[in-house]
């Protein structure tokens, strides 16, 4: 089942979307938005699955679905907790500044509490304010959970995953060092993130959802050029069950919480950081990583941060080369 | 105007509460919970003020209001961002571990993004899991905002404050050092906080709301003994307008965001950390601070962290010694 929220008010208007993303149908009125479904998943999911089946058989009123009409599936959420499951990414960041990776980072997940009061739609522009802020994209996988009890095991956490999708976790690299030094996490350096137009249930992903990981290739394009072709199931040190259990160690997690994987990052065959797409490599899921590789190779970064006019595109295709979640495609616009 | 949410479902049931906290009346059905009011404040506030006036004149159906029936005014919120406005507190924490306070801390607010998916009611027990987690209270002032545009000035931020109340920002001191070392902020070390039964509009606070600060004495009792009598308007380096503007520097803030002052903390007349209540001082708003003073004075802390059976009480009285926001009174219970 694929779900989306059309732009409407503060919470959007929930629709069930056809597998090919061409059509959408309205759910019954007791489920006006996605949060209302997450609040009542046991009863709501079968109802929506029925709508999806009817939609697949043209047996329900439907309309064209346009990704540009989509708000974030949850335009505001009660939680956004973002992990750093691809430890390779963290190691690279540290190596670029000459710092060693603590051994604990391989078994104790890094995670930050992000702002969840606003998620941008997949085609919403990203506001550019100040070149010194160092605007970057971060392509990640996200899940939305149901209620998770405090102290949940990895298996309980996995069973509570309701939906899977993509996120562009917009970051302000120029503001991160000062906030990291304070130790209190990210406040100003993480403006609103953007969610994919559509989110899918784990069951509907079939073999692409295994062991708490999304199996596929994340396509990241910058201004129409390949920027990254990274595998989301490779080098993911902590699966989503482990990330959710980490968050639930000391408190319950309430339905509608969005959990992120952190920037997807793959090693190359030799265990190194690989090469940019322009040099035949599989590239990266954020500009920072490409700049780190440039720094390691040549002593200085050469790829600039995002600037007005740039277009970021993040997408994942199925075996027939159709988009799974719809594309995040955002232009950078001077504020 | 005083507002509360009675325990009911995931969002509580909104009621308007009389000034003396004895009675409550239901708002019109289009405002079933506090978030629906915050989403539509310009239209909703006058309607609710009308209910409050009718309640004051016995001109509307009403029922007894019991603080024990109150959920958190927002049992789940879209944002919880907690400052450290009482820099004295931060300086004490650092002094106890021999670290210097960076000069920037006096003009650049410390703030962390907290988990907002669950707020406990004022009489809900606090679960005790592991003595090594070092369970502590933190008595603070909070405000709930309307929509705040990105880049808002302090004045714009002040104008967007809808409600004022108290919070017990429960902290797990034993887990904080490791999370601080990671630099990604607090995830496991901050379980759900508890909000006061009632929140008040700034206008209804009269002289007690000035310059973006709550003027009053926060009474903190531990097991029926005075633990702290701290002035919320004293030594507050950053007022709420400054805290909100800090958060809004790089992104808008959506209605229903809860912003915290950080642990209230006063210097004594000599500029020092003062004395515990038991020794005639005005005490502290968290156990950590008392332990820090003990460490500075004697080399080691003597006050234990919270344990099952302990009762924490946080309250603020008006000039007639009536509770302004109702009392947070929570027992620690073994999980």
field: Residue tally, condition within 13 Å of chain A (Cβ to nearest Cβ) and either free of Cβ contacts under 8 Å to residues at least 24 places away in the same chain or closer than 26 Å to residue B:307 by Cα (or both), over segment B:137-147
entry: 0
field: Filter result (more than 7 Å from chain B (Cβ to nearest Cβ) and out of contact with any helix residue (DSSP H, G or I) (no Cβ under 9 Å at 6 or more places or on another chain)) within segment A:177-186
entry: A:177, A:179, A:181
- request: Please enumerate the residues belonging to segment B:73-88 that are within 12 Å of chain A (Cβ to nearest Cβ) and part of a loop (DSSP other than H, G, I, E, B).
  value: B:74, B:75, B:76, B:77, B:78, B:84
- request: Select from segment B:99-114 the residues that are assigned to a loop (DSSP other than H, G, I, E, B) and modelled with pLDDT under 90 and write down the one among them that is farthest from the other protein chains (Cβ to nearest Cβ).
  value: B:100
- prompt: Which of (1) without any contact (Cβ under 8 Å) to a residue 60 or more places away in the chain; (2) surrounded by fewer than 21 Cβ atoms within 10 Å (Cβ to Cβ); (3) facing chain B (nearest Cβ under 10 Å) is the odd one out, the single condition residue A:26 does not satisfy?
  reply: (3)
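What number of residues within segment B:225-256 satisfy the criterion of being touching a residue at least 60 places away in the same chain (Cβ under 8 Å) and either closer than 15 Å to residue A:118 by Cα or out of contact with any strand residue (DSSP E or B) (no Cβ under 7 Å at 6 or more places or on another chain) (or both)?
The first filter runs over segment B:225-256 and keeps only residues touching a residue at least 60 places away in the same chain (Cβ under 8 Å), leaving B:227-228, B:230, B:232, B:235-256.
Among the residues that remain, those that are also either closer than 15 Å to residue A:118 by Cα or out of contact with any strand residue (DSSP E or B) (no Cβ under 7 Å at 6 or more places or on another chain) (or both) are: B:235, B:237, B:241-242, B:245, B:247-256.
Qualifying residue count, segment B:225-256: 15.
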query: Right, residue A:229: in a strand (DSSP E or B), farther than 29 Å from residue A:331 by Cα and more than 14 Å from chain B (Cβ to nearest Cβ) or not?
result: no
task: Just need a number here: residues in segment A:89-98 that are more than 13 Å from chain B (Cβ to nearest Cβ) and either part of a loop (DSSP other than H, G, I, E, B) or crowded, with 22+ Cβ neighbours inside 10 Å (or both).
output: 3
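Quick one: would you say residue B:43 is over 30 Å from residue A:251 (Cβ atoms) and assigned to a helix (DSSP H, G or I)? Outline the logic, then answer.
Values: over 30 Å from residue A:251 (Cβ atoms): yes; assigned to a helix (DSSP H, G or I): yes.
So residue B:43 fits the description; yes.
Suppose we filter segment B:232-247 for residues that are more than 14 Å from chain A (Cβ to nearest Cβ) and surrounded by 24 or more Cβ atoms within 10 Å (Cβ to Cβ); how many remain? I'd like the intermediate steps shown before the answer.
Taking segment B:232-247 first, the residues more than 14 Å from chain A (Cβ to nearest Cβ) are B:232-237, B:239-241.
If we keep only those that are surrounded by 24 or more Cβ atoms within 10 Å (Cβ to Cβ) as well, we get B:232, B:236, B:240.
Number of matching residues: 3.
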task: Within segment A:187-222, count every residue that is buried (at least 23 other Cβ atoms within 10 Å of the Cβ) and within 14 Å of chain B (Cβ to nearest Cβ).
output: 6
message: I need the full set of residues from segment A:292-310 which are buried (at least 16 other Cβ atoms within 10 Å of the Cβ) and out of contact with any helix residue (DSSP H, G or I) (no Cβ under 8 Å at 6 or more places or on another chain), in order please.
response: A:294, A:310
message: I'm told residue A:58 meets every condition in (1) touching a helix residue (DSSP H, G or I) at 6+ places or on another chain (Cβ under 6 Å); (2) assigned to a loop (DSSP other than H, G, I, E, B); (3) farther than 30 Å from residue A:283 by Cβ except one. Can you identify the failing condition by its number?
response: (1)
field: For residue B:250: the one exception among (1) more than 14 Å from every other protein chain (Cβ to nearest Cβ); (2) buried (at least 18 other Cβ atoms within 10 Å of the Cβ); (3) more than 15 Å from the chain's Cα centre (by Cα)
entry: (1)
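Is it the case that segment B:202-217 has a residue that's modelled with pLDDT of 95 or more, closer than 26 Å to residue B:133 by Cβ and either in contact with a helix residue (DSSP H, G or I) (Cβ under 8 Å, 6 or more places away or on another chain) or in a strand (DSSP E or B) (or both)? Give the derivation first.
Initially, segment B:202-217 is screened for residues modelled with pLDDT of 95 or more, giving B:202-217.
Right, trim to closer than 26 Å to residue B:133 by Cβ and you get none.
No, there is no match, as no residue in segment B:202-217 is modelled with pLDDT of 95 or more, closer than 26 Å to residue B:133 by Cβ and either in contact with a helix residue (DSSP H, G or I) (Cβ under 8 Å, 6 or more places away or on another chain) or in a strand (DSSP E or B) (or both).
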task: Scan segment A:125-159 for residues that are crowded, with 24+ Cβ neighbours inside 10 Å and part of a loop (DSSP other than H, G, I, E, B) and jot them down.
output: A:137, A:138
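Taking segment A:253-271, which residues are within 14 Å of another protein chain (Cβ to nearest Cβ) and surrounded by fewer than 24 Cβ atoms within 10 Å (Cβ to Cβ)? Walk me through it before giving the result.
Residues of segment A:253-271 that are within 14 Å of another protein chain (Cβ to nearest Cβ), as a first pass: A:253-260, A:262-263.
If the condition is that a residue be within 14 Å of another protein chain (Cβ to nearest Cβ) and surrounded by fewer than 24 Cβ atoms within 10 Å (Cβ to Cβ), then A:254, A:255 are the ones that fit.
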- prompt: residue B:163 versus (1) away from chain A (no Cβ under 14 Å); (2) touching a helix residue (DSSP H, G or I) at 6+ places or on another chain (Cβ under 6 Å); (3) buried (at least 20 other Cβ atoms within 10 Å of the Cβ): which is the lone unmet condition?
  reply: (2)
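The values are calculated or read from the model by the stated rules, or taken from the named source; none is laboratory data. These figures come from a predicted structure and were not determined experimentally. As a convention, Cβ positions derive from the backbone with ideal geometry for all residues, glycine included, and neighbour counts pool all protein chains shown.
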